[in-house]
Amino acid sequence: MSPSMPHAEPVGRFGRFGGRYVPEALIPALEQLEEVWRKAVVDPAFTGELERLHRTYTGRPSIITEVPRFAEHCGGARVLLKREDLNHTGSHKINNVLGQALLTKRMGKTRVIAETGAGQHGVATATAAALLGLECVVYMGKKDTERQALNVARMRLLGAEVVAVEHGSQTLKDAVNEAFRDWVANVATTHYVLGTVTGPHPFPEMVREFHRVIGIEARQQVLDLVGRLPDVVCACVGGGSNAIGIFHRFLDDTAVRLVGLEAGGSGIESGKHAARFSSGIPGVLHGAYTYVLQDEDGQTIESHSVSAGLDYPSVGPEHALLRESGRAEYRPITDDEAMEAFRLLARTEGILPAIESAHALAGAMQLGRELGPEALILVNLSGRGDKDVHTAAEWFGLIDAPGKATPPPATEDEAGTKGMGQQQ
Amino acid sequence: MSVRPILDACRAEGRAALIGYLPVGFPSVDGSIEAMEALVRAGVDIVEIGVPYSDPVMDGPVIQDAAVRALESGVRLKDTFAAVRAVRAAGAGALVMTYWNPVLRYGVDRFAADLAAAGGDGLITPDLIPDEAGDWIRAADEQGLDKVFLVAPSSTPERLAAVTGRSRGFVYATAVMGVTGARASVGDAAEDLVARTRAVTDLPVCVGLGVSTGDQASQVGRFADGVIVGSALVRCLTEAQSPEAGLKELEQLAGELADGVRKGRA
């Protein structure tokens with residue numbers, strides 16, 4: 001109809017998902033971001049700097065660790081962990097943030113804003129802002145500032161301002177709303193460092209590309225160690241950035257099953273969960289057309305999860321496509337299952353995972369039991385659990401009342417549970 | 001249906017149109033309809049009927065608060081059509097302002113048909129750009145409804161041409177970079193944006209975001225075809241001691257704004 005339409009077809013689609021459902025005021029900023037990003041990734045000055053930071057700051061490549069004692073609880077399958085928890089700042093989030101912070105400098109902007117749920121992305125953004133001399137404001141739901149108080153303090157120590165968002169459910173979705181409001185008002189000086197693979201184009205594709213290094217490294221590491229590809233790759237899915245990061249290099253390896261684990265909360269039937277692929281319906285939230293927990297009037301339904309980082313009612317649009325095409329499958333993991341996996345990894349391997357990542361571990365336990373001892377499972381251990389110590393200690397009743405010691409909880413697994421895999 | 005004849009009539013009178021926003025369902029569905037009727041009595045030409053939404057990223061605290069309270073008291077999307085009928089019966093233009101997901105969930109074609117059947121003039125879509133609006137544009141054209149898209153101070157000439165090329169009714173120019181809410185001054189950005197928009201389209205250009213007083217309405221009315229007021233009106237209701245007091249304050253402010261647009265070019 002209009003010869004001046006810049007795009008004959010909607011841009012940034014993954015099948016029918018994705019797009020740019022944002023106020024017009026942000027379109028120029030999204031177009032500038034895409035242009036600067038596409039030029040940067042073919043500019044050796046940019047790619048070289050990012051690679052140098054990966055190597056000398058983040059600590060890439062992250063290692064893989066085989067976990068045989070934990071694997072006894074996974075039907076005896078062989079289990080390898082991709083250790084994104086060992087990255088500087090404690091999770092995969094730094095991969096994306098360093099890339100976007102460098103782009104912020106290239107765009108001549110001086111201020112970054114970010115949303116955060118568990119605080120991992122906020123900490124990573126505050127870190128990159130400190131490293132590159134950028135002003136930083138992090139929006140965090142009030143409920144999350146309470147359950148992730150340690151990360152709030154970390155961000156403040158790094159020089160960021162943390163704004164507790166008191167609207168709506170006071171969790172991640174409301175933090176995203178507030179970040180968008182800030183961005184609309186301050187877009188001339190400010191870049192919104194969106195922390196996951198959703199939001200308006202180009203974020204889902206750009207954030208994926210910054211995390212793709214996870215799967216590139218892991219695929220080669222598994223080949224080097226075992227001499228073959230894994231049968232299954234497991235990753236937790238909130239917005240879905242660590243999952244898309246590890247999945248993407250395996251997309252063409254059609255024999256490799258890609259399994260995303262969503263937060264099942266108190267169980268699907270309870271209605272208190274964040275399992276978008278179990279009961280969500282395609283719709284628009286935060287700039288993207290994708291699966292959304294919503295009621296029959298299109299109002300967003302609040303999600304629930306013990307894990308702040310997975311407590312989000314929507315999911316990255318590329319996951320929606322992978323699910324619809326059947327290339328990836330998605331399962332809910334309940335709070336109880338995730339916390340059991342958390343406890344098991346700690347007790348059997350001496351690794352405290354982030355509660356988010358514990359959902360992926362619980363997925364590996366299910367799949368291992370289904371596939372048996374011949375299976376090889378790669379799990380993305382996307383973050384470490386230091387931030388979750390308080391939540392986990394409360395969950396397991398490990399906090400001493402004043403002047404009284406609590407005995408460790410009774411466990412049945414330390415003595416060896418070689419038979420467990422045969423129960424399934 | 002279209003608000004275009006109303007805007008043309010205002011232009012013939014030598015003044016800007018006054019467009020007033022209120023959300024459906026606050027303080028109640030009936031209460032919001034009464035408030036919209038009060039706006040029309042006070043001289044509002046077009047009512048912008050807001051659909052409360054759980055995640056309103058273009059709205060500041062006043063409208064967010066009203067939306068949350070409306071949703072908590074059980075407002076449903078279908079109540080929008082009752083408000084449209086009432087505004088139409090009161091003699092004003094009836095445009096619905098909605099974030100996109102409620103319409104998607106309802107069904108775009110079904111929403112357009114039901115809106116037209118209720119006598120609505122069209123939609124204002126704050127988070128739907130024309131690039132993503134293929135289904136809506138088809139449905140609106142089929143039903144003869146207005147498609148009011150937004151332009152912003154950050155819009156490039158290319159974007160202004162692209163957006164206005166797909167618009168019908170008028171073009172909504174956001175006066176400032178930011179979310180809804182009253183501001184002390186509307187600023188020069190609005191006048192510049194209106195001029196840049198007029199350079200690429202013959203459609204009327206109406207200005208929103210930040211206008212809260214009769215003086216501001218008068219000032220904006222000098223260069224815009226319509227003055228859009230939202231948060232200042234909503235606040236009359238959210239901060240009122242009683243629904244009656246709220247209505248009274250609302251009608252008084254709307255009257256002041258209506259006077260403002262009438263003396264703008266006098």
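Listing for the model above:
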{"quantity": "Global geometry of segment A:177-301, whether rounded, prolate or oblate, following the gyration tensor of its Cα atoms and the 1.5 cut on a/c", "calculated": "oblate"}
{"quantity": "For segment B:42-125: rounded, prolate or oblate by the Cα gyration tensor [a/c cutoff 1.5]", "calculated": "oblate"}
{"quantity": "Angle in degrees between helix A:203-226 and the longest Cα principal axis of chain A, rounded to the nearest 10", "calculated": "30 degrees"}
{"quantity": "Neighbourhood net charge (13 Å Cβ-Cβ; Lys/Arg +1, Asp/Glu -1) for A:A360", "calculated": "-2"}
{"quantity": "Overall form of chain B per C-alpha gyration tensor (a/c, 1.5; a/b vs b/c)", "calculated": "rounded"}
{"quantity": "In degrees, nearest ten, helix A:355-371 long axis to first principal axis of chain A (Cα)", "calculated": "60 degrees"}
{"quantity": "C-alpha center-to-center spacing [segment B:114-167, segment A:72-117] in angstrom", "calculated": "38 Å"}
{"quantity": "Candidates A:E337, A:E269, A:E178, ranked by Gaussian network fluctuation over chain A, Cα under 10 Å, top entry", "calculated": "A:E269"}
{"quantity": "Whole-number percent relative contact order across chain A, with pairs defined as alpha carbons under 8 Å at least 6 apart", "calculated": "20 percent"}
{"quantity": "Degrees between helix A:172-186 axis and first principal axis of chain A (Cα, 0 to 90, nearest 10)", "calculated": "20 degrees"}
{"quantity": "Alpha carbon centroid spacing (whole Å) that separates segment B:1-27 from segment B:50-102", "calculated": "17 Å"}
{"quantity": "Per residue accessible area in Å² of segment B:93-171, where ligands, DNA and RNA are left out and the probe is 1.4 Å", "calculated": "25 Å²"}
{"quantity": "Rounded to 5, percent antiparallel among DSSP beta bridges of chain A", "calculated": "30 percent"}
{"quantity": "Length-normalised contact order of chain B in % [C-alpha pairs under 8 Å, at least 6 apart]", "calculated": "23 percent"}
{"quantity": "DSSP beta bridges in segment A:37-152 [antiparallel fraction, %, rounded to 5]", "calculated": "35 percent"}
{"quantity": "Positive-end residue, chain A charge dipole about Cα centroid, Cβ charges, pick of A:T47, A:G119, A:A29", "calculated": "A:T47"}
{"quantity": "Unit charges at the beta carbon, dipole of segment A:194-291: most positive-side option, A:F250, A:Y291, A:P230", "calculated": "A:Y291"}
{"quantity": "Dipole in debye (nearest 20) - chain A, about Cα centre, beta carbon charges: Lys, Arg +1; Asp, Glu -1", "calculated": "1000 debye"}
{"quantity": "For B:I33, solvent-accessible area (1.4 Å; no DNA, RNA or ligand), Å²", "calculated": "30 Å²"}
{"quantity": "Lys pairs under 29 Å by Cα in chain A, provided they are eight or more residues apart or on distinct chains", "calculated": "27"}
{"quantity": "Net charge contributed by nearby residues that have their C-beta within less than 10 Å of A:V123 (K/R +1, D/E -1)", "calculated": "+3"}
{"quantity": "Dipole of chain B [Lys/Arg +1, Asp/Glu -1 at C-beta], most positive-end residue of B:A258, B:L7, B:A217", "calculated": "B:L7"}
{"quantity": "Rounded Å value of the spacing that divides the Cα centres of segment A:215-280 and segment A:162-204", "calculated": "25 Å"}
{"quantity": "Interface size B-A, as summed buried accessible area [1.4 Å probe, Å², nearest 100]", "calculated": "3500 Å²"}
{"quantity": "Reachable lysines from B:K248, criterion Cα separation under 26 angstrom, eight or more residues apart if same chain", "calculated": "B:K263"}
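The values are calculated or read from the model by the stated rules, or taken from the named source; none is laboratory data. What you see is a predicted model; the values in this text were computed from it and never measured. Don't worry about glycine lacking a Cβ; one is built from the backbone with ideal geometry, like all the others, and counts go over all protein chains shown. Note: accessible area is taken over every heavy atom of the protein model, side chains too, but ligands, DNA and RNA are not part of it. Shrake-Rupley method; radii C 1.70, N 1.55, O 1.52, S 1.80 Å.
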